[in-house]
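My questions will all concern the structure given below.
Every read-out reported here was derived from the displayed coordinates using simple, explicitly stated rules and does not represent laboratory data. Nothing here was measured: the structure is a model prediction, and the numbers come from that model. In this analysis, Cβ positions are derived from the backbone assuming ideal geometry, glycine residues included, and neighbour counts consider all displayed protein chains.
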Amino acid sequence: MYVVLSNFTESGRTDIKGTSERLNRLGPVGEKLGVKVVANAITMGQYDVVTIMEAPDDATIAKVIGTVLSRGYVTTQTMRGFTIEEFAQITSDL
């Protein structure tokens, strides 16, 4: 699981009306590269958009994020997330 925190660039703010359409296109683009978009949320506060994705590995998510960044509408910060079950397994022998 990956949590992607995004902020609009000047281009993204200029074309704010296109945000929903761009987010709707993210799912099919991600699927072609092996990534599932679990959720998108437009947020208030430090970040403009929060996206949760599932990908098989870091390299695959990096391809999707690279594609997003190349369009110039957002900057991102991506964090690896663990489900509660994954975390329980990671910490089971502590």
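Go through (1) touching a residue at least 24 places away in the same chain (Cβ under 8 Å); (2) exposed (fewer than 12 other Cβ atoms within 10 Å of the Cβ) and name the single condition Y2 misses.
(2)
In addition: Take G12 and tell me if it is touching a Lys or Arg at 6+ places or on another chain (Cβ under 9 Å) and surrounded by 11 or more Cβ atoms within 10 Å (Cβ to Cβ).
So G12 fits the description; yes.
So is S92 part of a loop (DSSP other than H, G, I, E, B) and not aliphatic (A, V, I, L, M) or not?
yes
Further question on the same structure: In this structure, is G30 at positive phi and not β-branched (V, I, T)?
It is false that G30 is at positive phi and not β-branched (V, I, T).
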